[in-house]
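Student: Just passing along the structure, written as structure tokens.
The values are calculated or read from the model by the stated rules, or taken from the named source; none is laboratory data. Just so it is clear, the model here is predicted, and its values are computed rather than measured. Neighbour counts are summed over all protein chains in view; Cβ atoms, including those assigned to glycine, are modelled from backbone coordinates with ideal geometry. Surface areas here come from the heavy atoms of the whole protein model, side chains and all, with no ligands, DNA or RNA. Shrake-Rupley method; radii C 1.70, N 1.55, O 1.52, S 1.80 Å.
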Amino acid sequence: MASYKIIQTIYSMDSFATLRDKVSAYFSNLGFYVGEDHEDELRENPLIKRWRRDNGCDWRLQCAAIVYPTRSSADMLGSGTLFTLHNNRSTRSAVLVPGAVTRFFSGTPNSISVDTHHFWLGSANWLAGDLAKYLSKEGKHAILLSLDDTVTGVKSNPYLSDEERLLALDAAANAYLPSPASFPALSSSLKSQLGMEVWTALSRSTQEFLISGIVAFDRLDGASTVQLEASGPAILLSKALEDTVVRRLMLPFRRFIASSGTGISSSGDGRLNKLREYALGGQNKKLELGTFASQLAHLATGDTSNLPPAGVAYLAFIQTLSDPDFVQHELADQLLHVTRSFRNPAAHPEVLDFPQLHSYIRLLLGHSGAEGLLPRIVTASKSK
């Protein structure tokens with residue numbers, strides 16, 4: 001199946017026989033086809049019958065079908081979706097279940113891989129989510145729908161260091177980015193939610209990360225009976241936040257020090273050495289959210305008289321901003337909360353589920369009249 005790629009996987013604690021019956025019933029109810037002829041209509045000739053009489057495979061171990069939503073040749077071109085059911089409890093057919101998945105279940109789940117053509121996505125995206133909801137109707141079995149198997153695989157790889165894992169996840173997240181003209185309705189909605197002034201103050205890359213994260217969120221939204229692995233969109237939202245922090249609170253500080261001509265003297269107090277190194281240009285890589293937050297936390301003390309020179313310099317910098325009190329006293333706690341509750345779980349083997357993702361979006365964008373963290377940072381970091 002070289003012309004196909006796995007885009008989503010559904011994991012279920014249903015027995016393999018039950019899973020076969022449910023998947024067959026699902027496609028029969030929808031009236032799908034597996035070819036152009038009327039004989040291939042799945043109401044008349046359901047998948048369960050086809051699998052029983054298929055002498056080319058052992059239907060107790062693995063079953064597969066390429067399905068099409070209509071008999072139209074135009075719709076069929078490249079738009080078939082390959083569903084493969086794996087009996088993971090059989091040692092003869094088990095696929096590798098990622099660690100992030102096995103941690104979620106009390107036993108070994110069976111799985112359905114959902115593949116689509118490289119060039120035509122067809123119906124695969126909505127079919128995977130709809131099938132997952134159908135399988136979990138009775139609420140007896142946990143279902144996990146991985147939005148992106150690449151993300152799940154990276155999270156579960158025990159041989160990657162934290163830095164390697166983050167680099168791989170960044171690369172995977174970048175693949176979600178839409179084309180510049182995509183999703184005008186979503187862009188309009190975000191402008192309304194954040195306010196035009198905040199939206200236009202965000203960089204193009206921040207806007208794209210936000211759009212991509214919300215697009216991924218929308219694919220999961222509504223599947224309340226399905227347990228979802230939501231690390232992909234959480235990583236995108238974290239990149240949007242990080243990009244905003246870098247552009248509005250890190251790079252301006254570096255320019256502030258450069259324009260002052262005085263630099264930052266060294267000190268035996270190493271509490272803010274990373275911030276100092278970054279400001280002086282010795283640290284070319286941006287500080288990660290958690291690192292930057294831990295540096296800011298040293299400024300939130302009531303007594304700033306014993307701060308090292310880097311702390312004194314940053315306090316002087318934020319006095320040029322519209323809300324220095326927020327940056328000094330509140331931002332560190334907010335960023336540390338994001339790092340511990342959302343960003344780190346998204347980048348490590350544990351599952352980050354849909355309710356966590358939903359909470360993350362509400363925190364970033366705001367809800368019920370409460371201002372979100374993203375617009376708060378933009379407003380607070382404006383020059384006086």
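Student: Name the residue that is farthest from the chain's Cα centre (by Cα), counting only residues in the stretch 318-331 that are farther than 12 Å from Lys384 by Cβ and surrounded by fewer than 23 Cβ atoms within 10 Å (Cβ to Cβ). It would help to see each step written out before you state the result.
Tutor: So in the stretch 318-331, the residues farther than 12 Å from Lys384 by Cβ come out as 325-331.
Going one step further and asking which of them are surrounded by fewer than 23 Cβ atoms within 10 Å (Cβ to Cβ), we end up with 325-326, 328-330.
Values: Asp325: 32, Phe326: 28, Gln328: 29, His329: 29, Glu330: 26 Å.
Among residues in the stretch 318-331 that are farther than 12 Å from Lys384 by Cβ and surrounded by fewer than 23 Cβ atoms within 10 Å (Cβ to Cβ), the one farthest from the chain's Cα centre (by Cα) is Asp325.
Student: Which members of the stretch 34-55 meet the condition of being modelled with pLDDT of 65 or more and either more than 18 Å from Thr81 (Cα to Cα) or in a loop (DSSP other than H, G, I, E, B) (or both)?
Tutor: Within the stretch 34-55, the subset modelled with pLDDT of 65 or more is 34, 40-54.
Val34, Leu42, Arg43, Glu44, Asn45, Pro46, Lys49, Arg52, Arg53, Asp54, listed by residue number.
Student: Identify, from the list Tyr68, Tyr26, Tyr11, the residue that is buried (at least 16 other Cβ atoms within 10 Å of the Cβ) and either aliphatic (A, V, I, L, M) or at pLDDT below 85 (or both).
Tutor: Values: Tyr26 fails: either aliphatic (A, V, I, L, M) or at pLDDT below 85 (or both); Tyr11 fails: either aliphatic (A, V, I, L, M) or at pLDDT below 85 (or both).
One residue alone meets the criteria, Tyr68.
Student: Among residues belonging to the stretch 337-348 that are open to solvent by 30 Å² or more (accessible area, probe 1.4 Å) and of a type outside the set (Lys, Arg), point out the one that is nearest to Asp148 (Cα to Cα).
Tutor: Initially, the stretch 337-348 is screened for residues open to solvent by 30 Å² or more (accessible area, probe 1.4 Å), giving 337, 340-341, 343-344, 348.
Within this subset, residues satisfying the condition of being of a type outside the set (Lys, Arg) are 337, 341, 344, 348.
Values: His337: 25, Ser341: 21, Asn344: 18, His348: 15 Å.
The qualifying residue nearest to Asp148 (Cα to Cα) is His348.
Student: While we're here: Just name the residue that is farthest from Ala313 (Cα to Cα) out of those in the stretch 255-273 that are outside any helix (DSSP H, G or I) and among the β-branched types (Val, Ile, Thr). Can you show your working first?
Tutor: Of all residues in the stretch 255-273, those outside any helix (DSSP H, G or I) come to 261-272.
Narrowing the set further to residues that are among the β-branched types (Val, Ile, Thr) leaves 262, 264.
Working: Thr262: 10, Ile264: 7 Å.
Selected residue: Thr262.
Residue-by-condition table, conditions (1) over 16 Å from Arg343 (Cβ atoms); (2) open to solvent by 10 Å² or more (accessible area, probe 1.4 Å):
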{"site": "Gln207", "(1), (2)": "yes, yes"}
{"site": "Ala230", "(1), (2)": "no, no"}
{"site": "Ala240", "(1), (2)": "no, no"}
{"site": "Leu272", "(1), (2)": "yes, no"}
{"site": "Phe292", "(1), (2)": "no, no"}
{"site": "His298", "(1), (2)": "yes, yes"}
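Student: Residues that are over 20 Å from Arg254 (Cα atoms) and at pLDDT 95 or above: list the helices (runs of 4 or more DSSP H) wholly contained in the stretch 299-376 that include at least 1 such residues.
Tutor: Working: elements: 309-318, 331-338, 344-347, 354-365.
Fully inside the stretch 299-376 and qualifying: 331-338, 354-365.
Student: I want to confirm something. Restricting to the stretch 85-114 and keeping residues that are over 20 Å from Val151 (Cβ atoms) and hydroxyl-bearing (Ser, Thr, Tyr), which single residue is modelled with the highest pLDDT?
Tutor: Thr108
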